[in-house]
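*Asks:* I'd like to ask some things about the structure below.
The values are calculated or read from the model by the stated rules, or taken from the named source; none is laboratory data. These numbers come from a predicted model, not from an experiment. We place every Cβ from the backbone using ideal geometry, glycine too, and count neighbours over all the protein chains shown.
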Amino acid sequence: MALPISTTFAGEKIRTGALSGHVTHGSYSGSDLREGILSETFNLSYIPTFEYGMGLKIGNSQLKRKQSLPDIHGNSFAGTAFFTPKRGNSSFFGGTVSLLSVQSDDSNSDNTLIPYLSLIYKSPDFRTYIDLGYAHTGYNDTTANQITLTGGFSIFKDWVWSHARVYHIDLSETVQRKNNTFAFEERLIYYVLPGKANLSLYGMVGQRIYAYDPDLHASYNLSDIQSGSAGVSANYNLSKRVSLYGDATYELYNNNDRADRYNVIYSTAGASVTF
């Protein structure tokens with residue numbers, strides 16, 4: 001599932017602090033074991049300038065399963081900080097540091113800590129963004145070492161922002177008959193009304209397993225292979241301080257061990273207040 005990404009885009013204003021929350025419902029089709037999922041997330045952020053910021057995220061989820069299997073409950077807590085100090089009149093160079101804690105009824109991922117580090121470049125005009133990230137996830141069945149390369153570019157005279165990311169995930173032990181996976185993700189953000197409303201189209205091709213999302217500071221902690229996704233989202237600033245958000249996402253999965261191929265449709269609604 002996809003939500004607003006944390007990168008500051010060209011033309012957007014800096015908000016000193018924000019409190020946001022969203023609710024996501026997922027409905028599975030074709031799965032032997034899964035029926036639906038409901039999750040709630042709250043974020044508190046402090047981003048006073050283009051040069052630094054920090055955030056705290058708290059999440060809760062409930063996965064409903066079939067065949068009289070018990071539901072799986074999960075909780076997550078993430079803290080993150082970024083710093084991109086400007087060197088005189090030149091570009092911005094910095095980094096991101098975050099730590100995600102996962103607690104779950106799923107014994108494979110319970111009490112997991114996921115550190116994430118990245119190196120960041122921003123051009124002086126904020127029309128180019130590049131980062132190189134690394135996440136380390138140690139589950140009971142394997143350890144996932146993930147490298148991401150992200151590029152953001154302003155195009156069509158700042159009306160559109162292109163945000164592309166490559167994922168390479170290497171596993172210490174074979175899971176779902178996989179030792180590593182590769183995926184490409186693209187998001188196009190169209191500023192319908194600059195400073196007021198924007199629309200996003202996005203998708204993923206390739207394969208991901210045990211992926212960590214650097215924008216959401218969230219982990220895909222179940223072992224099935226994600227083999228594609230597509231979605232659309234919209235943001236609307238109701239006032240100078242209140243924003244509304246909506247998203248619909250389709251994701252495709254398969255479990256090689258069970259020959260189980262299925263999809264899930266997520267719908268998300270959220271709001272944020274800045275101060």
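*Asks:* Inspect the range 65-78 for any residue being more than 30 Å from Ile265 (Cβ to Cβ) and modelled with pLDDT of 95 or more and give the result as yes or no.
*Replies:* no
*Asks:* Go through the range 142-169 and count every residue that is in a strand (DSSP E or B), over 19 Å from the mean Cα position of the chain (by Cα) and not hydroxyl-bearing (Ser, Thr, Tyr).
*Replies:* Looking only at that region, the number is 2.
*Asks:* Within the range 118-137, work out how many residues are loosely packed, with under 14 Cβ neighbours inside 10 Å and either over 23 Å from Gly88 (Cβ atoms) or without any contact (Cβ under 8 Å) to a residue 24 or more places away in the chain (or both).
*Replies:* Qualifying residue count for the region: 0.
*Asks:* Of the residues in the range 170-187, how many are part of a strand (DSSP E or B) and more than 15 Å from the chain's Cα centre (by Cα)?
*Replies:* Summing the residues that are part of a strand (DSSP E or B) and more than 15 Å from the chain's Cα centre (by Cα) in the range 170-187 gives 11.
*Asks:* Considering only the range 60-73, state which residues are out of contact with any Asp or Glu (no Cβ under 7 Å at 6 or more places or on another chain) and either within 18 Å of Gln103 (Cβ to Cβ) or aromatic (Phe, Trp, Tyr) (or both).
*Replies:* Ser61, Pro70, Asp71, listed by residue number.
*Asks:* Does any residue of the range 204-221 turn out to be farther than 30 Å from Gly79 by Cβ and either surrounded by fewer than 17 Cβ atoms within 10 Å (Cβ to Cβ) or touching a Cys at 6+ places or on another chain (Cβ under 9 Å) (or both)?
*Replies:* yes
*Asks:* Out of contact with any Leu (no Cβ under 8 Å at 6 or more places or on another chain), under 22 Å from Ile72 (Cβ atoms) and surrounded by 21 or more Cβ atoms within 10 Å (Cβ to Cβ): does that describe Ala183?
*Replies:* The answer is no for Ala183.
*Asks:* Now for a separate question. For the range 218-251, which residues satisfy the criterion of being over 23 Å from Gly59 (Cβ atoms) and either out of contact with any Phe, Trp or Tyr (no Cβ under 7 Å at 6 or more places or on another chain) or charged (D, E, K, R) (or both)?
*Replies:* Of everything in the range 218-251, those that are over 23 Å from Gly59 (Cβ atoms) and either out of contact with any Phe, Trp or Tyr (no Cβ under 7 Å at 6 or more places or on another chain) or charged (D, E, K, R) (or both) turn out to be Gly228, Tyr236, Asn237, Leu238, Ser239, Lys240, Arg241.
*Asks:* Give me a count of the residues in the range 217-244 that are assigned to a strand (DSSP E or B), more than 22 Å from Asn263 (Cα to Cα) and among the hydroxyl-bearing types (Ser, Thr, Tyr).
*Replies:* 2
*Asks:* Which residues, counting only those in the range 192-225, are modelled with pLDDT of 95 or more, among the aliphatic types (A, V, I, L, M) and within 16 Å of the chain's Cα centre (by Cα)?
*Replies:* Leu201, Met204, Val205, Ile209, Ala211 - these are the residues of the range 192-225 that are modelled with pLDDT of 95 or more, among the aliphatic types (A, V, I, L, M) and within 16 Å of the chain's Cα centre (by Cα).
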